[in-house]
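Reading through the C-alpha cells given below for one structure.
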Amino acid sequence: MTDFRFRFVVALVSLIVTVLVCLGMLLGQLFKDFYVETMNKRIEKETKMIALLLESEPIDTARRQIEQMSDTLSARITVLDENEKIVIDTGQVSTISDSAHERIVRDILHGKEEKNASIMEEKQNIYYYIVPFLHGKKANGHVILSTSVHSLKKVTQQIWGVLVSSLGTALIVIVLLGLKITAQHMKPIEAATKVAFELARGNYKARVYETQHGEETGLLTHSLNILARNLQEMSKIQEMQTDRLHTLIENVGSGLILIDSRGYINLVNRAYKEIFHIRPVDYLHRLYTEVFPYKEIIQLVDEIFIKETRVRKQLVLTVDIERKYFEVYGAPIIGTNAEWKGIVLVFHDITELKKLEQMRKDFVANVSHELKTPITSIKGFAETLLDGAMKDEKALEHFLSIILQESERLQSLIQDLLDLSKIEQHGFQLRLEQVNLTRLLTELMTMFMGKAEEKNIHLRVDAVDSIYVVGDSDRLKQIFINLITNALTYTPADGHVIVRVKESSEEVLVHVEDTGIGIAEKEIPRIFERFYRVDKARSRNSGGTGLGLAIVKHLVEAHHGYITVKSQIGKGTTFTVHFPKEV
Ligand code: ADP
C-alpha cells in the first residue's frame with residue numbers, strides 16, 4: 001500500500017471509529033435512560049397499586065396479597081404505619097441486612113421535604129420507592145418497594161454488548177468496503193502518479209493501464225496516456241531535429257565554432273578539427289582568447305562583440321607548416337528578445353581556390369612568356385634581314401632557318417596548348433575501342449627511328465604479339481609519342497630506350513625506359529605541372545614546350561589509368577602507364 005492510500009485509509013477509519021463511538025455512546029445513553037424511565041414508571045405504578053390495596057383492605061388481609069406481589073415482582077415490599085413501625089416486610093431481595101434496610105428507609109423518609117409525596121431514591125445499589133397511603137382516613141403510613149439495581153446493570157451491559165458488537169461489525173464491514181473502494185479508486189490514481197513521475201524524469205515510454213472504474217479516473221488515465229504519447233512524439237521529433245542539426249553541423253565542409261555570450265567556446269565541428277588539427281578538449285568550455293592561436297581571429301571575435309555586426313574577412317593562417325587561406329564569416333547570435341546568445345564563426349578553406357587562381361595567373365604569365373621568346377626571336381631576325389642582312393646569302397639562309405625553327409616551336413606550343421585546353425574541357429570524350437597496344441607501339445617506332453639513329457640510341461619495343469586495352473588510339477599515340485620523345489631527348493648518345501608492354505590480371509602496363517640523365521626525386525612531383533622543366537635551356541633547345549607530360553597525365557587519367565615515375569640521376573628514367581583492364 002502506498003503512503004497516500006495508507007494515510008487516506010487511516011483518516012477514513014479514524015473518522016468512522018469516531019462517528020461510531022459517538023453514535024454508540026449516544027445510543028447507549030438513550031437506551032439506558034429509556035429503560036430506567038420505564039422501570040421507574042413500573043415501580044411507581046406497582047407501589048401505587050399496593051398503596052391503593054392498603055387503603056382499601058385491612059393490613060392483615062392485604063398481607064398475603066402483598067407477599068404474593070413481592071414474589072411476582074421480585075421486589076421487597078415494606079409497609080410502615082403512621083408511627084413508622086414496620087407492619088409488613090416481605091423480606092430480603094438483596095444482600096442488604098434488615099436493619100440496614102430499615103435505616104435506609106427511615107433516612108429517606110426523614111429526608112423527605114413534603115409529607116405526602118412519593119420518593120424514589122437509589123441507595124447501595126437498591127431502588128427505593130416510597131408512596132404514602134391513607135388508612136381509614138387516619139394518618140398515613142408508607143409503602144416502600146425496594147428492588148435491586150442489579151437487573152438495570154445487566155440490561156445496561158446487554159445494551160452496551162449489543163451496541164458494541166453491532167457497531168463493531170459495522171466498523172469491520174465499512175472498513176473492508178472502504179478498503180475495497182479505495183483500492184478500486186486509488187490504484188489507478190497511484191499508477192497515474194507513478195507514470196507522471198516517470199514522465200517528469202523524462203521517460204516518455206511510460207504508460208498507465210486505462211481503467212473503466214469511475215469516469216474521472218478513466219479520464220485521468222486516458223489523458224495521461226495521451227500526454228505521454230504526445231511527449232514521446234515531441235521528444236522524437238526534437239531528437240530527429242537535433243540529430244539532423246548535429247549531422248549538418250558535423251558534416252558541413254566548413255569549420256564551425258560557437259562562442260557563448262561570455263566568450264566560452266560551446267561547439268567545434270568536425271571540419272574545424274580536421275582543418276586545424278585540434279582536439280576538442282583543448283577548445284570546449286574555454287575562453288576564445290585563450291584557445292585561438294591566431295590574433296586575427298581573436299580580433300575578429302572582439303570586433304563582433306563590440307560592433308554587434310556580421311564580419312567577413314579573408315585571413316591567411318599558418319596551420320602546422322602550411323599557409324592556408326580562409327574566408328572567415330562571423331555573426332552575432334541574437335535571441336528573440338534582443339538578448340545576446342553568442343557568436344558563430346564559419347571558416348571556409350579557400351586555399352585550393354587561391355591556388356587555382358594563382359595557377360591561372362601563372363599559366364597566363366607562362367604562356368605569354370613562352371610565346372614571347374620565339375616571337376621576339378622571329379621579329380629580331382626578320383628586322384636584321386630587312387636591315388640588310390638578306391643581301392648576304394649565307395646569313396639569309398641561316399636566319400631564315402632560325403625563323404622557321406622558331407615558327408615550328410611556336411606552332412607546336414600552340415598545338416600543345418590547344419590539345420591541353422581541349423582535354424581539359426568539360427565535355428572531352430574519348431573514342432573508345434579495343435586497341436592492340438603492341439601494334440600501336442611498333443608502328444610508332446618507325447616514326448622515331450630517324451631521331452634515334454641520329455643520336456645513336458638503341459630504341460626497341462619489348463612486347464608479346466597482341467596486348468589489348470580499351471582506349472582512343474589517337475590519344476594513346478599522343479601519350480606514347482610524348483613519352484618516347486622525352487626519353488630520346490633526355491638520353492645522351494649511345495643510350496637505350498626500351499618500351500615494354502606487360503599484362504597483369506587487373507591492368508596493362510607500359511614502361512618507357514631510358515638510360516638518360518634522370519630526374520631528381522624532389523622534381524618528380526612537379527614535372528607534370530604545365531611549363532615545368534627541370535632544365536629549361538635543354539628543354540627549349542630540344543623543342544620542348546613544357547606541356548608534354550601535363551597532356552600525358554590528363555590523357556592517361558581520361559583512360560581511367562595513372563602514371564608512375566622511377567628515376568635515378570645519371571642512370572635513367574622509367575615512366576610506367578597503368579591502364580585498367582576493365583574500364
Ligand atoms: P618538355 O616539353 O620540356 O619535355 P614535358 O612536360 O614533356 O616538357 O617534361 C617536363 C620536364 O620533365 C622536362 O623539361 C624534363 O626536364 C623532364 N623530363 C621529362 N621526361 C624526362 C626523361 N625521360 N628523362 C629526364 N627528364 C625528363
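The values are calculated or read from the model by the stated rules, or taken from the named source; none is laboratory data. Quick caveat: nothing in here was measured; it's all calculated off a predicted structure. Positions of Cβ are generated from backbone atoms using ideal geometry, with glycine treated the same way; all protein chains shown enter the neighbour counts.
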Practice item. Determine whether the stretch 2-10 contains at least one residue that is of a type in the set (A, V, I, L, M, F, W, C), more than 20 Å from S148 (Cα to Cα) and more than 60 Å from the chain's Cα centre (by Cα). Key: no
Check your understanding: Out of all the residues in the stretch 394-402, is one or more within 30 Å of L549 (Cα to Cα), among the aliphatic types (A, V, I, L, M) and assigned to a helix (DSSP H, G or I)?
Key -> yes
**Study point:** Tally, over the stretch 501-522, of residues that are more than 11 Å from the ligand (Cβ to nearest atom) and of a type in the set (A, V, I, L, M)
**Key:** 4
Practice item. Could you look through the stretch 230-263, keep only residues that are part of a helix (DSSP H, G or I) and charged (D, E, K, R), and pick out the one that is nearest to I298 (Cα to Cα)? Key: E250
Check your understanding: So which residues in the stretch 479-500 are farther than 22 Å from E454 by Cα and either surrounded by fewer than 21 Cβ atoms within 10 Å (Cβ to Cβ) or within 11 Å of the ligand (Cβ to nearest atom) (or both), if there are any at all?
Key -> R500
Check your understanding: Given the structure, is G218 touching a strand residue (DSSP E or B) at 6+ places or on another chain (Cβ under 9 Å) and among the small types (G, A, S)?
Key -> no
Review point. Take the residues of the stretch 52-77 that are touching a Gly at 6+ places or on another chain (Cβ under 9 Å) and buried (at least 17 other Cβ atoms within 10 Å of the Cβ): which is nearest to L145 (Cα to Cα)?
Key: R76
Practice item. Check every one of the strands (runs of 3 or more DSSP E) wholly within the stretch 465-583 and list those with 3 or more residues that are touching an Asp or Glu at 6+ places or on another chain (Cβ under 8 Å) and modelled with pLDDT of 95 or more. Key: 496-503, 572-580
Point to revise | Options K394, K372, K354, K379: the member that is touching a residue at least 24 places away in the same chain (Cβ under 8 Å) and at negative phi | key: K354
Point to revise | All positions within the stretch 445-464 that are more than 16 Å from the ligand (Cβ to nearest atom), in a loop (DSSP other than H, G, I, E, B) and either touching a residue at least 60 places away in the same chain (Cβ under 8 Å) or under 17 Å from G516 (Cα atoms) (or both) | key: N456
**Study point:** Count of the stretch 528-577 residues which are within 10 Å of the ligand (Cβ to nearest atom) and either of a type in the set (D, E, K, R) or within 54 Å of the chain's Cα centre (by Cα) (or both)
**Key:** 11
